[in-house]
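The values are calculated or read from the model by the stated rules, or taken from the named source; none is laboratory data. Note that this is a predicted model, so its numbers are computed, not measured. Here the Cβ positions follow ideal geometry from the backbone for every residue, glycine too, while neighbour counts run over all protein chains shown.
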(Lines give C-alpha, C1' and ligand atoms only; values in the text may rest on other atoms or scores of the structure.)
Protein backbone atom coordinates (compact mmCIF):
# COMPACT_ATOMS: atom_id res chain seq x y z
CA UNK A 1 0.00 0.00 0.00
CA UNK A 2 1.46 3.36 -1.07
CA UNK A 3 0.54 6.37 1.04
CA UNK A 4 1.16 10.06 0.32
CA UNK A 5 4.42 11.00 2.10
CA UNK A 6 2.84 13.29 4.77
CA UNK A 7 0.29 10.64 5.70
CA UNK A 8 2.96 7.95 5.85
CA UNK A 9 4.87 10.03 8.42
CA UNK A 10 2.06 11.33 10.65
CA UNK A 11 -0.69 8.75 10.12
CA UNK A 12 -4.03 8.97 8.37
CA UNK A 13 -6.53 11.43 9.81
CA UNK A 14 -10.21 10.51 9.58
CA UNK A 15 -10.80 12.31 6.30
CA UNK A 16 -7.87 10.41 4.72
CA UNK A 17 -8.77 6.91 5.91
CA UNK A 18 -9.89 5.86 2.46
CA UNK A 19 -6.19 5.36 1.66
CA UNK A 20 -6.14 2.43 4.11
CA UNK A 21 -8.88 0.56 2.25
CA UNK A 22 -8.33 -2.12 -0.37
CA UNK A 23 -9.36 0.04 -3.33
CA UNK A 24 -8.40 3.72 -3.05
CA UNK A 25 -8.58 5.09 -6.60
CA UNK A 26 -9.76 8.62 -7.28
CA UNK A 27 -12.92 7.17 -8.78
CA UNK A 28 -14.03 5.24 -5.69
CA UNK A 29 -16.01 8.08 -4.02
CA UNK A 30 -18.01 8.52 -7.22
CA UNK A 31 -18.64 4.79 -7.44
CA UNK A 32 -19.84 4.70 -3.83
CA UNK A 33 -22.19 7.59 -4.58
CA UNK A 34 -23.70 5.88 -7.61
CA UNK A 35 -24.02 2.45 -6.03
CA UNK A 36 -25.21 3.81 -2.69
CA UNK A 37 -27.82 5.95 -4.43
CA UNK A 38 -29.09 2.88 -6.26
CA UNK A 39 -29.35 0.94 -3.01
CA UNK A 40 -31.14 3.84 -1.35
CA UNK A 41 -33.81 4.21 -4.01
CA UNK A 42 -34.33 0.44 -4.07
CA UNK A 43 -34.88 0.43 -0.30
CA UNK A 44 -37.11 3.48 -0.58
CA UNK A 45 -39.21 1.67 -3.17
CA UNK A 46 -39.59 -1.29 -0.79
CA UNK A 47 -40.65 1.13 1.94
CA UNK A 48 -43.25 2.70 -0.35
CA UNK A 49 -44.63 -0.72 -1.29
CA UNK A 50 -44.98 -1.52 2.40
CA UNK A 51 -46.88 1.72 2.92
CA UNK A 52 -49.27 0.89 0.09
CA UNK A 53 -49.94 -2.51 1.66
CA UNK A 54 -50.46 -0.88 5.07
CA UNK A 55 -52.87 1.63 3.54
CA UNK A 56 -55.28 -1.24 2.87
CA UNK A 57 -55.97 -1.19 6.61
CA UNK A 58 -55.75 2.61 6.90
CA UNK A 59 -57.23 4.34 3.82
CA UNK A 60 -56.28 7.77 5.20
CA UNK A 61 -52.56 6.97 5.02
CA UNK A 62 -52.21 7.76 1.31
CA UNK A 63 -53.99 11.07 1.85
CA UNK A 64 -51.55 11.90 4.65
CA UNK A 65 -48.59 10.96 2.43
CA UNK A 66 -49.89 13.15 -0.40
CA UNK A 67 -50.29 16.06 1.99
CA UNK A 68 -46.81 15.40 3.35
CA UNK A 69 -45.33 15.54 -0.16
CA UNK A 70 -46.88 18.97 -0.71
CA UNK A 71 -46.03 20.35 2.72
CA UNK A 72 -43.21 18.57 4.60
CA UNK A 73 -44.61 19.31 8.04
CA UNK A 74 -46.29 16.64 10.10
CA UNK A 75 -47.74 15.92 13.48
CA UNK A 76 -45.29 14.16 15.78
CA UNK A 77 -48.19 12.43 17.47
CA UNK A 78 -48.84 10.34 14.34
CA UNK A 79 -46.48 7.35 14.76
CA UNK A 80 -46.87 6.15 11.16
CA UNK A 81 -45.82 9.47 9.65
CA UNK A 82 -42.98 9.75 12.15
CA UNK A 83 -41.77 6.28 11.17
CA UNK A 84 -41.98 7.12 7.46
CA UNK A 85 -40.04 10.37 7.76
CA UNK A 86 -37.33 8.97 10.03
CA UNK A 87 -37.16 5.64 8.22
CA UNK A 88 -36.65 7.30 4.84
CA UNK A 89 -33.50 8.90 6.29
CA UNK A 90 -32.36 5.88 8.30
CA UNK A 91 -32.04 3.69 5.20
CA UNK A 92 -29.19 5.93 4.07
CA UNK A 93 -27.00 4.04 6.55
CA UNK A 94 -27.24 0.50 5.09
CA UNK A 95 -27.09 1.97 1.58
CA UNK A 96 -23.75 3.64 2.29
CA UNK A 97 -22.32 0.69 4.22
CA UNK A 98 -23.08 -1.78 1.42
CA UNK A 99 -21.76 0.54 -1.29
CA UNK A 100 -18.53 1.23 0.61
CA UNK A 101 -17.96 -2.46 1.26
CA UNK A 102 -18.40 -3.34 -2.41
CA UNK A 103 -16.39 -0.46 -3.86
CA UNK A 104 -13.60 0.09 -1.32
CA UNK A 105 -13.29 -3.48 -0.11
CA UNK A 106 -11.99 -4.58 3.27
CA UNK A 107 -11.49 -2.67 6.52
CA UNK A 108 -15.07 -1.42 6.48
CA UNK A 109 -14.76 -0.25 10.07
CA UNK A 110 -12.65 2.68 8.89
CA UNK A 111 -15.82 4.46 7.82
CA UNK A 112 -16.51 4.80 11.57
CA UNK A 113 -13.15 5.76 13.06
CA UNK A 114 -9.39 5.50 12.80
CA UNK A 115 -9.61 2.54 15.19
CA UNK A 116 -11.33 0.51 12.47
CA UNK A 117 -14.57 0.23 14.43
CA UNK A 118 -17.22 2.28 16.18
CA UNK A 119 -15.77 3.03 19.62
CA UNK A 120 -18.85 2.34 21.75
CA UNK A 121 -17.23 3.27 25.05
CA UNK A 122 -16.13 6.64 23.74
CA UNK A 123 -19.55 7.26 22.19
CA UNK A 124 -21.21 6.49 25.54
CA UNK A 125 -19.00 9.08 27.24
CA UNK A 126 -19.91 11.64 24.59
CA UNK A 127 -23.60 10.77 24.86
CA UNK A 128 -23.57 11.31 28.62
CA UNK A 129 -21.84 14.66 28.16
CA UNK A 130 -24.35 15.73 25.50
CA UNK A 131 -27.31 14.53 27.58
CA UNK A 132 -26.27 16.36 30.75
CA UNK A 133 -25.36 19.53 28.89
CA UNK A 134 -28.60 19.49 26.87
CA UNK A 135 -30.60 19.00 30.07
CA UNK A 136 -28.93 22.04 31.62
CA UNK A 137 -29.52 24.19 28.54
CA UNK A 138 -33.14 23.04 28.24
CA UNK A 139 -33.82 23.77 31.90
CA UNK A 140 -32.36 27.25 31.55
CA UNK A 141 -34.42 27.91 28.42
CA UNK A 142 -37.61 27.04 30.27
CA UNK A 143 -36.90 29.76 32.82
CA UNK A 144 -37.18 32.41 30.11
CA UNK A 145 -40.52 33.80 28.91
CA UNK A 146 -41.93 32.06 25.85
CA UNK A 147 -42.14 33.92 22.56
CA UNK A 148 -45.81 33.05 22.11
CA UNK A 149 -48.59 31.94 24.39
CA UNK A 150 -48.69 28.18 24.57
CA UNK A 151 -51.76 26.01 24.73
CA UNK A 152 -51.88 22.63 26.43
CA UNK A 153 -51.63 19.75 23.94
CA UNK A 154 -54.77 17.86 23.05
CA UNK A 155 -55.14 14.27 24.15
CA UNK A 156 -53.72 11.76 21.72
CA UNK A 157 -54.22 8.00 22.13
CA UNK A 158 -51.16 7.33 19.93
CA UNK A 159 -48.78 9.40 22.04
CA UNK A 160 -47.03 6.36 23.53
CA UNK A 161 -46.64 4.73 20.11
CA UNK A 162 -45.10 7.93 18.71
CA UNK A 163 -42.73 8.08 21.68
CA UNK A 164 -41.56 4.50 21.07
CA UNK A 165 -41.00 5.22 17.37
CA UNK A 166 -38.92 8.28 18.22
CA UNK A 167 -36.78 6.43 20.75
CA UNK A 168 -36.12 3.60 18.28
CA UNK A 169 -35.60 5.50 15.03
CA UNK A 170 -34.04 8.84 15.97
CA UNK A 171 -30.66 7.27 16.92
CA UNK A 172 -30.53 5.44 13.58
CA UNK A 173 -31.68 8.52 11.65
CA UNK A 174 -29.08 10.74 13.31
CA UNK A 175 -26.32 8.17 12.83
CA UNK A 176 -27.26 7.78 9.15
CA UNK A 177 -26.89 11.52 8.57
CA UNK A 178 -23.50 11.52 10.29
CA UNK A 179 -22.24 8.57 8.27
CA UNK A 180 -23.26 10.33 5.06
CA UNK A 181 -22.31 13.96 5.75
CA UNK A 182 -19.38 13.50 8.13
CA UNK A 183 -18.36 10.00 7.04
CA UNK A 184 -18.79 9.57 3.31
CA UNK A 185 -18.42 13.23 2.30
CA UNK A 186 -15.43 13.95 4.53
CA UNK A 187 -13.56 10.84 3.41
CA UNK A 188 -14.47 11.45 -0.23
CA UNK A 189 -13.17 15.02 -0.14
CA UNK A 190 -10.14 13.81 1.80
CA UNK A 191 -9.36 11.42 -1.05
CA UNK A 192 -8.82 14.41 -3.33
CA UNK A 193 -7.82 17.24 -0.95
CA UNK A 194 -5.38 16.77 1.94
CA UNK A 195 -6.16 19.72 4.24
CA UNK A 196 -8.92 18.89 6.75
CA UNK A 197 -10.59 22.29 6.36
CA UNK A 198 -11.90 21.25 2.94
CA UNK A 199 -13.39 18.05 4.33
CA UNK A 200 -14.98 19.88 7.27
CA UNK A 201 -16.43 22.88 5.43
CA UNK A 202 -17.41 21.68 1.97
CA UNK A 203 -20.19 19.31 3.18
CA UNK A 204 -21.77 22.07 5.32
CA UNK A 205 -23.95 23.67 2.59
CA UNK A 206 -25.32 20.27 1.55
CA UNK A 207 -26.27 19.49 5.14
CA UNK A 208 -27.74 22.94 5.77
CA UNK A 209 -29.97 23.11 2.72
CA UNK A 210 -31.32 19.65 3.43
CA UNK A 211 -33.32 21.28 6.24
CA UNK A 212 -36.42 23.39 5.64
CA UNK A 213 -35.90 26.27 8.06
CA UNK A 214 -35.70 30.03 7.86
CA UNK A 215 -32.39 31.91 7.89
CA UNK A 216 -32.06 31.68 11.68
CA UNK A 217 -32.77 27.96 11.72
CA UNK A 218 -30.36 27.30 8.85
CA UNK A 219 -27.66 29.24 10.70
CA UNK A 220 -28.10 26.97 13.70
CA UNK A 221 -27.86 23.92 11.44
CA UNK A 222 -24.68 25.34 9.90
CA UNK A 223 -23.11 25.83 13.33
CA UNK A 224 -23.92 22.24 14.18
CA UNK A 225 -22.47 20.97 10.88
CA UNK A 226 -19.16 22.79 11.36
CA UNK A 227 -18.87 21.55 14.95
CA UNK A 228 -19.70 17.96 13.97
CA UNK A 229 -17.11 18.02 11.19
CA UNK A 230 -14.44 19.42 13.49
CA UNK A 231 -15.24 16.87 16.20
CA UNK A 232 -15.01 14.04 13.68
CA UNK A 233 -11.57 15.17 12.53
CA UNK A 234 -10.36 16.00 16.06
CA UNK A 235 -11.41 12.68 17.61
CA UNK A 236 -10.68 10.54 14.56
CA UNK A 237 -14.20 9.13 14.38
CA UNK A 238 -17.93 9.74 14.15
CA UNK A 239 -18.82 8.91 17.75
CA UNK A 240 -18.81 12.44 19.21
CA UNK A 241 -20.85 13.83 16.31
CA UNK A 242 -23.36 10.96 16.46
CA UNK A 243 -23.84 11.40 20.21
CA UNK A 244 -24.50 15.13 19.86
CA UNK A 245 -26.84 14.60 16.90
CA UNK A 246 -28.87 11.92 18.66
CA UNK A 247 -29.25 13.88 21.89
CA UNK A 248 -30.05 17.11 20.05
CA UNK A 249 -32.74 15.50 17.89
CA UNK A 250 -34.27 13.49 20.72
CA UNK A 251 -34.42 16.54 22.97
CA UNK A 252 -36.10 18.61 20.27
CA UNK A 253 -38.56 15.90 19.24
CA UNK A 254 -39.54 14.93 22.78
CA UNK A 255 -40.14 18.52 23.83
CA UNK A 256 -42.27 19.06 20.74
CA UNK A 257 -44.13 15.80 21.30
CA UNK A 258 -44.92 16.75 24.89
CA UNK A 259 -46.12 20.18 23.79
CA UNK A 260 -47.92 19.08 20.66
CA UNK A 261 -45.67 21.22 18.46
CA UNK A 262 -44.87 20.82 14.81
CA UNK A 263 -41.53 19.05 14.42
CA UNK A 264 -40.66 20.83 11.20
CA UNK A 265 -41.75 24.36 11.95
CA UNK A 266 -39.61 26.60 9.78
CA UNK A 267 -39.74 29.77 11.90
CA UNK A 268 -37.01 29.95 14.52
CA UNK A 269 -36.33 32.70 17.04
CA UNK A 270 -33.06 34.44 17.78
CA UNK A 271 -33.22 32.95 21.26
CA UNK A 272 -33.34 29.43 19.83
CA UNK A 273 -30.23 30.24 17.77
CA UNK A 274 -28.41 31.47 20.87
CA UNK A 275 -29.26 28.31 22.78
CA UNK A 276 -28.21 26.15 19.81
CA UNK A 277 -24.83 27.88 19.70
CA UNK A 278 -24.39 27.53 23.47
CA UNK A 279 -25.36 23.85 23.31
CA UNK A 280 -22.97 23.03 20.48
CA UNK A 281 -20.15 25.28 21.68
CA UNK A 282 -20.31 23.99 25.23
CA UNK A 283 -20.35 20.38 24.09
CA UNK A 284 -17.31 20.92 21.86
CA UNK A 285 -15.45 22.59 24.72
CA UNK A 286 -16.21 19.73 27.13
CA UNK A 287 -15.15 17.07 24.61
CA UNK A 288 -11.92 18.97 23.96
CA UNK A 289 -11.27 19.14 27.71
CA UNK A 290 -11.82 15.37 28.01
CA UNK A 291 -9.40 14.71 25.14
CA UNK A 292 -6.68 16.82 26.73
CA UNK A 293 -7.31 15.29 30.14
CA UNK A 294 -6.91 11.81 28.69
CA UNK A 295 -3.67 12.82 27.01
CA UNK A 296 -2.29 14.18 30.29
CA UNK A 297 -3.17 10.90 32.00
CA UNK A 298 -1.29 8.92 29.36
CA UNK A 299 -4.48 7.52 27.80
CA UNK A 300 -4.86 9.57 24.60
CA UNK A 301 -7.67 8.82 22.20
CA UNK A 302 -6.05 7.75 18.91
CA UNK A 303 -7.23 10.14 16.20
CA UNK A 304 -5.09 8.88 13.32
CA UNK A 305 -4.25 5.52 11.80
CA UNK A 306 -0.54 4.82 11.51
CA UNK A 307 0.21 2.13 8.97
CA UNK A 308 3.54 0.44 9.57
CA UNK A 309 5.12 -1.25 6.57
CA UNK A 310 5.34 -5.03 6.82
CA UNK A 311 8.57 -6.35 8.29
CA UNK A 312 10.81 -7.68 5.56
CA UNK A 313 11.83 -11.32 6.04
CA UNK A 314 15.49 -11.92 6.90
CA UNK A 315 17.70 -12.53 3.90
CA UNK A 316 18.16 -16.16 3.01
CA UNK A 317 21.81 -17.19 2.95
CA UNK A 318 22.67 -19.41 0.01
CA UNK A 319 23.58 -22.94 0.97
CA UNK A 320 27.28 -23.73 0.59
CA UNK A 321 28.06 -25.79 -2.45
CA UNK A 322 30.27 -28.86 -2.01
CA UNK A 323 33.26 -29.28 -4.30
CA UNK A 324 35.74 -32.17 -4.43
CA UNK A 325 39.15 -31.47 -2.85
CA UNK A 326 41.79 -30.13 -5.17
CA UNK A 327 45.19 -31.87 -4.99
CA UNK A 328 48.28 -30.03 -6.06
CA UNK A 329 51.17 -31.86 -7.62
CA UNK A 330 54.16 -32.05 -5.28
CA UNK A 331 57.87 -32.27 -6.22
CA UNK A 332 58.98 -35.45 -7.92
CA UNK A 333 60.29 -38.18 -5.59
CA UNK A 334 64.07 -38.26 -4.95
CA UNK A 335 65.74 -41.51 -6.10
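Scan the range 205-254 for residues that are in a helix (DSSP H, G or I), touching a residue at least 24 places away in the same chain (Cβ under 8 Å) and under 18 Å from the mean Cα position of the chain (by Cα) and the total you get is 27. Scanning the range 49-60 for residues that are in a helix (DSSP H, G or I) and either at pLDDT below 75 or out of contact with any helix residue (DSSP H, G or I) (no Cβ under 9 Å at 6 or more places or on another chain) (or both) turns up 49, 50, 53, 60.
I'm checking my understanding of the structure. Among residues of the range 176-204 that are within 20 Å of residue 276 (Cβ to Cβ) and part of a helix (DSSP H, G or I), which one is farthest from the chain's Cα centre (by Cα)? Of everything passing the filter in the range 176-204, 201 is farthest from the chain's Cα centre (by Cα). Could we say that residue 268 is more than 25 Å from the chain's Cα centre (by Cα) and modelled with pLDDT of 90 or more here? Spelling it out, it is not the case that residue 268 is more than 25 Å from the chain's Cα centre (by Cα) and modelled with pLDDT of 90 or more. Modelled with pLDDT of 90 or more and either surrounded by 15 or more Cβ atoms within 10 Å (Cβ to Cβ) or at negative phi (or both), is that true of residue 41? Taking the combined requirement at face value, the residue satisfies it. The set of residues from the range 86-112 being over 17 Å from the mean Cα position of the chain (by Cα) and surrounded by fewer than 20 Cβ atoms within 10 Å (Cβ to Cβ) comprises 102, 105, 106.
Are any of the residues in the range 280-297 over 25 Å from the mean Cα position of the chain (by Cα) and either part of a helix (DSSP H, G or I) or modelled with pLDDT under 90 (or both)? Yes: the range 280-297 contains one or more residues that are over 25 Å from the mean Cα position of the chain (by Cα) and either part of a helix (DSSP H, G or I) or modelled with pLDDT under 90 (or both). Contact annotation: no residue pair with Cβ atoms under 7 Å, 6 or more positions apart or on different chains, pairs a residue in the range 26-38 that is on the phi > 0 side of the Ramachandran plot and at pLDDT 95 or above with a partner that is buried (at least 18 other Cβ atoms within 10 Å of the Cβ) and assigned to a helix (DSSP H, G or I). Residues of the range 39-56 that are without any contact (Cβ under 8 Å) to a residue 40 or more places away in the chain and under 15 Å from residue 98 (Cα atoms): 41, 42. Among the residues of the range 223-236, is there at least one that is on the phi > 0 side of the Ramachandran plot, crowded, with 18+ Cβ neighbours inside 10 Å, modelled with pLDDT of 85 or more and touching a strand residue (DSSP E or B) at 6+ places or on another chain (Cβ under 7 Å)? Within the range 223-236 (the criterion being on the phi > 0 side of the Ramachandran plot, crowded, with 18+ Cβ neighbours inside 10 Å, modelled with pLDDT of 85 or more and touching a strand residue (DSSP E or B) at 6+ places or on another chain (Cβ under 7 Å)), the answer is yes, since at least one residue qualifies.
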